[in-house]
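Everything on this sheet refers to the single structure shown next.
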Amino acid sequence: MAVIERARLAAPWRWREVPLVLMYHTVDVLADDPHRLAVSPRRFAAQLATLRRLGLRGVGVGQLLAARRAGRGAGLVGITFDDGYAGVVRHALPAMRRFGCTATVFVVADRIGAVNDWDGGELALLDAPDLAALAGAGWEIGAHGARHVPLAGLAGARLRDEVAGSRDRLAAVIDRPVDGFCYPYGSMDAGARAAVTAAGYRYACAVDAPRSTLGVAAVPRIYVGERDGALRLTGKRLLYRARLAAGGRP
């Protein structure tokens, strides 16, 4: 990776530079959802309608960051789906099409077409044809590690395989470059961020990242769940900006 690109990945953001990115997992109706992974199709459509009323359109994170660098980011909000659940292609994709939105889905490279066994769960994950359908609809496919393990504290070959190895294997499946990464469980440290940079990613998404780490290698996001109606979603957006301005965690 060029020196200028490495410098951009390492450079911290000022609070006004931090984009708005929403974090989902799946859109589905689950009988048992202890980790609050799912937003029902009805609620999800209402959330997209709220974004539209706020003058916002959902796009993938790569597109959002590129637009912001070009000075064309006004009115855009990033939308992400972690883990790569099958409900994304079944329920989220049709709704996003209706609202003219796209998103980034972060996929666990060694679990494509399997289930979320890292949580002891049995939820179906996207398979290769599903990923092709999403990519064909303009969605971005990003990596979420190889096996969905925490990265903080990992080093050497294990860390390289989770970060760089997952990128290579996912790119082979989807037959296109993989530019975005998402830290599993939001678990990251300086070593994980350095591994992301060394692997050639253009950005990486975090969750509850400390203010000092915010930047292209640790893009913060707002969790969105089933309880987030119009008022809660609007309030979360305002609180997010207020916390950034005050110097706290987003």
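The values are calculated or read from the model by the stated rules, or taken from the named source; none is laboratory data. The model shown is predicted, which means the values in this text are computed figures rather than measured ones. Neighbour counts run over all protein chains shown; Cβ positions are idealised from the backbone, glycine included. Areas reflect the complete protein model, heavy atoms only, side chains present, ligands, DNA and RNA absent. Shrake-Rupley method; radii C 1.70, N 1.55, O 1.52, S 1.80 Å.
One residue stands out among those in the range 155-186 that are outside any helix (DSSP H, G or I) and more than 27 Å from R36 (Cα to Cα): the one that is most open to solvent (accessible area, probe 1.4 Å), which is D175.
Within the range 126-148, being under 21 Å from V163 (Cβ atoms), open to solvent by less than 10 Å² (accessible area, probe 1.4 Å) and outside any loop (DSSP other than H, G, I, E, B) holds for L131, I141, G142, A143. Restricting attention to the range 187-196 and to residues that are open to solvent by 10 Å² or more (accessible area, probe 1.4 Å) and among the aliphatic types (A, V, I, L, M), the residue that is farthest from D130 (Cα to Cα) turns out to be A190. Number of residues in the range 54-79 that are open to solvent by 50 Å² or more (accessible area, probe 1.4 Å) and in contact with an Asp or Glu (Cβ under 9 Å, 6 or more places away or on another chain) equals 2.
The single condition among (1) open to solvent by 40 Å² or more (accessible area, probe 1.4 Å); (2) among the charged types (D, E, K, R); (3) closer than 23 Å to G225 by Cα that D82 does not satisfy is (1). Report yes if R160 is of a type in the set (K, R), touching a strand residue (DSSP E or B) at 6+ places or on another chain (Cβ under 8 Å) and over 23 Å from L93 (Cα atoms), otherwise no. So R160 does not fit the description; no. Of all residues being in a strand (DSSP E or B) and not hydroxyl-bearing (S, T, Y) in the range 72-93, which is nearest to D119 (Cα to Cα)? Just the residue, please. Per the stated criteria, the residue is D83. Number of residues in the range 101-125 that are of a type in the set (V, I, T), assigned to a strand (DSSP E or B) and surrounded by 22 or more Cβ atoms within 10 Å (Cβ to Cβ): the value is 3.
Of all the listed residues (P210, P220), the sole one being within 21 Å of L37 (Cβ to Cβ), in contact (Cβ under 8 Å) with a residue 12 or more places away in the chain and not aliphatic (A, V, I, L, M) is P220.
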